[in-house]
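> Starting off with a structure, shown below.
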Amino acid sequence: MLELDQLQLQMLKEVADLHGTPEGAYNIRSDSRSLGRRSTANIDIVPKTDVSGLDITIKPFTKNESLHIPVIVTKSGLKETVYNDFHVGEGAKVLIVAGCGIDNCGNQDSQHDGIHRFFVGKNASVKYVEKHYGSGSGSGKRILNPVTEVYMEEGSSMEMEMVQIKGVDDTERTTLAELKADAKLVVRERLMTHENQRAVSVYDVKLNGTHSSADVVSRSVAKDRSFQKFDAKIEGNAECSGHTECDSIIMDEGKILAVPGLAANDVDAMLVHEAAIGKIAGEQIIKLMTLGLTEQQAEEQIINGFLR
Amino acid sequence: MLEIKDLSFKVDTETGEKKILDKIDLAVPDNKLVVVTGPNGGGKSTLAKLIAGILTPTSGKILFDGQDITEKTVTERANSGIAFAFQQPVRFKGIQVIDLIRLATGKKLSAADACEYLSAVGLCARNYIDREVDASLSGGELKRIEIASVIARSGKLSIFDEPEAGIDLWSFQHLIKVFRKMRSNIKDSSILIISHQERILEIADEIIVLKDGNIAAHGPKDEILPTLMGTPAMISACRSGDEGGYQC
């Protein structure tokens, strides 16, 4: 049983919906050291020897198992880069939860950069959940710059849920994916920035195999003076289908830049980009006010629903 | 009881000031279903929005149960018992039908309880309760959910702005049943419907005809409806349509 303090428990709840030691395989990292680790018969977690990070191997045809690798940073001024490689065997079906929370009560910047590489085997299926969370009253920034690389074999599928709702001052998220035939990538990103926060999200997806597909959808809210950039590029190099969507609400003095990028390099590539940015529609607020909500409660309700 | 006194609403246009409503006086008593009808552009929807507080009058007063609510916000009027169904219901990304019903009742309803409101408007509740109130719903579905949200308010005054607009015939026929049921359960409350539809006029206790921003007629249904329909034979024809789906 792990010994976790109140702050660690709170952070684990925020980033990984955990209320203590998770089921299945896990590694909990806190301030650059492992608080606990468990491999299972089918999921092997081995620390890297050259750099900080883990080599995780999931045996072929592993079914319905989960892996939790949450990261917590509570020391002000701590800066780390962590390299995790995930080798998902043929036909495996797994859930991977990899959140990161930074609590910074000091005046120095804290930063965690997680470099994740996924090698998804033939016909394997991965659901990946990554939540980012920041807290603490210090003037030091909370910075997260994740890089996720996904290499998908034939017939594999990956669903990525990326969530960053509050508290992270600066983030640059880069997601690169290469898909072989019949591989399917689904990304659902939800993002809310406030105060002077800045969030950049870059996707570069290469649909290399016949009948591969990608669906990258971002829903975001930019409040106060925050800035967001959504830069999604899909490259169709075969008969494939790709869709990117940026659906955003701006409030106060928030700014959002959506940069669509579609590259069709095959006559049978079908690629679509959609982007809609605007403030909350006045009629939505009025409708909720006719149900008895105040203007502020109506706004909160609309945003909570939008980012659900 | 709703009382409107000397109510005017004007807008500025390129050609000068335009009167949408001109010194209107009317009352909607408790236990009555009142239908406001009249030609397009006559000021009907404006009147409904002024009562709900969505628009602000140029002059005049609105009293609700004796209280002057002219300066009250939309929220304050909603909390004092005024419910409003939009002519074009609003869509929301991410907000589910059950959320809307819960907000309308102001209670943490169980799914089963929320379903009752949907069943009341003829929607198969389990197919809708988790649906988002977004573009995936048809106009008819959205309209019925809008009406369910107003029924869920259990308002002292329920206002429906052209409930028939944008819905299919089947939904419309069901809508008449919904209003009949509301009428039978009206105890100590009142219903105000803006409508062009003869079949809705038929279930009214009183009819108000609004034309060019003025009240052209106001009285019991049996007195006003014949004058609208022209001849008794026409009324008879329309009534027979009640059973057969014929619409005037």
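> Restricting attention to region B:33-45, does a residue exist that is surrounded by 18 or more Cβ atoms within 10 Å (Cβ to Cβ), in contact with a strand residue (DSSP E or B) (Cβ under 8 Å, 6 or more places away or on another chain), within 14 Å of chain A (Cβ to nearest Cβ) and of a type in the set (D, E, K, R)?
Taking region B:33-45 as the starting set, the residues that turn out to be surrounded by 18 or more Cβ atoms within 10 Å (Cβ to Cβ) are B:33-38, B:42-45.
Filter again for in contact with a strand residue (DSSP E or B) (Cβ under 8 Å, 6 or more places away or on another chain), leaving B:33-38, B:42-45.
Still in the running and within 14 Å of chain A (Cβ to nearest Cβ): B:45.
After this cut, where a residue has to be of a type in the set (D, E, K, R) as well, the list is none.
So far as region B:33-45 goes, no, none of its residues is surrounded by 18 or more Cβ atoms within 10 Å (Cβ to Cβ), in contact with a strand residue (DSSP E or B) (Cβ under 8 Å, 6 or more places away or on another chain), within 14 Å of chain A (Cβ to nearest Cβ) and of a type in the set (D, E, K, R).
> Quick check: is even one residue across region A:230-238 polar (S, T, N, Q) and part of a strand (DSSP E or B)?
no
> Being more than 9 Å from chain A (Cβ to nearest Cβ) and either aromatic (Phe, Trp, Tyr) or in contact with a Leu (Cβ under 8 Å, 6 or more places away or on another chain) (or both) is the filter; apply it to region B:99-115 and report the residue that is farthest from B:GLY139 (Cα to Cα).
B:ARG102
> Please enumerate the residues belonging to region A:99-128 that are under 15 Å from A:PRO70 (Cα atoms) and in contact (Cβ under 8 Å) with a residue 60 or more places away in the chain.
Those that are under 15 Å from A:PRO70 (Cα atoms) and in contact (Cβ under 8 Å) with a residue 60 or more places away in the chain: A:GLY99, A:CYS100, A:GLY101, A:ILE102, A:ASP103, A:ILE115.
> Also, I was wondering about something else. Output the number of residues of region A:284-300 satisfying the condition of being more than 29 Å from A:PRO260 (Cα to Cα), at the interface with another protein chain (Cβ under 7 Å from one of its Cβ atoms) and in a helix (DSSP H, G or I).
Number of matching residues: 4.
> Give the residue, chosen from A:ALA214, A:ALA199, that is closer than 15 Å to A:ILE256 by Cα, in contact with a strand residue (DSSP E or B) (Cβ under 9 Å, 6 or more places away or on another chain) and crowded, with 17+ Cβ neighbours inside 10 Å.
A:ALA199
Listed here are the residues, each with its yes/no results for (1) more than 14 Å from chain B (Cβ to nearest Cβ); (2) in contact (Cβ under 8 Å) with a residue 24 or more places away in the chain.
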{"site": "A:TYR203", "(1), (2)": "yes, yes"}
{"site": "A:HIS211", "(1), (2)": "yes, yes"}
{"site": "A:VAL221", "(1), (2)": "no, yes"}
{"site": "A:ILE250", "(1), (2)": "yes, yes"}
{"site": "A:ALA263", "(1), (2)": "yes, yes"}
{"site": "A:VAL267", "(1), (2)": "yes, no"}
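> Right, next: Output yes when any residue across region B:71-88 is assigned to a helix (DSSP H, G or I), touching a Phe, Trp or Tyr at 6+ places or on another chain (Cβ under 7 Å) and within 11 Å of chain A (Cβ to nearest Cβ), and no when none is. Quick ask: steps written out before the conclusion?
Of region B:71-88, the ones assigned to a helix (DSSP H, G or I) are B:74-79.
This time we only want the ones that are touching a Phe, Trp or Tyr at 6+ places or on another chain (Cβ under 7 Å), so: none.
The answer is no, given that none of the residues of region B:71-88 is assigned to a helix (DSSP H, G or I), touching a Phe, Trp or Tyr at 6+ places or on another chain (Cβ under 7 Å) and within 11 Å of chain A (Cβ to nearest Cβ).
> Which residues, taken from region A:1-56, are under 24 Å from A:GLN111 (Cβ atoms), assigned to a loop (DSSP other than H, G, I, E, B) and hydrophobic (A, V, I, L, M, F, W, C)?
A:LEU4, A:LEU18, A:VAL51, listed by residue number.
> Determine which single condition A:GLN297 fails, assuming it passes every other condition in (1) modelled with pLDDT of 95 or more; (2) out of contact with any strand residue (DSSP E or B) (no Cβ under 7 Å at 6 or more places or on another chain); (3) surrounded by fewer than 16 Cβ atoms within 10 Å (Cβ to Cβ).
The single condition A:GLN297 does not satisfy is (3).
> While we're here: Of these, B:THR70, B:THR13, B:THR58, which one is hydroxyl-bearing (Ser, Thr, Tyr) and either under 26 Å from A:GLN284 (Cβ atoms) or touching an Asp or Glu at 6+ places or on another chain (Cβ under 6 Å) (or both)? Can you show your working first?
Details: B:THR13 fails: either under 26 Å from A:GLN284 (Cβ atoms) or touching an Asp or Glu at 6+ places or on another chain (Cβ under 6 Å) (or both); B:THR58 fails: either under 26 Å from A:GLN284 (Cβ atoms) or touching an Asp or Glu at 6+ places or on another chain (Cβ under 6 Å) (or both).
Going through B:THR70, B:THR13, B:THR58 in turn, the sole match is B:THR70.
> Ok, one more. For region B:6-43, what are the residues that are touching a Gly at 6+ places or on another chain (Cβ under 6 Å) and of a type outside the set (Val, Ile, Thr)?
Step one: list which residues in region B:6-43 are touching a Gly at 6+ places or on another chain (Cβ under 6 Å), which gives B:6-8, B:19-22, B:43.
Once the filter is applied, which keeps residues that are touching a Gly at 6+ places or on another chain (Cβ under 6 Å) and of a type outside the set (Val, Ile, Thr), region B:6-43 yields B:ASP6, B:LEU7, B:SER8, B:LYS19, B:LEU21, B:ASP22, B:GLY43.
The values are calculated or read from the model by the stated rules, or taken from the named source; none is laboratory data. Quantities reported herein were computed from a predicted structural model and do not represent experimental measurements. Positions of Cβ are backbone-derived with ideal geometry, glycine not excepted, and every protein chain shown enters the neighbour counts.
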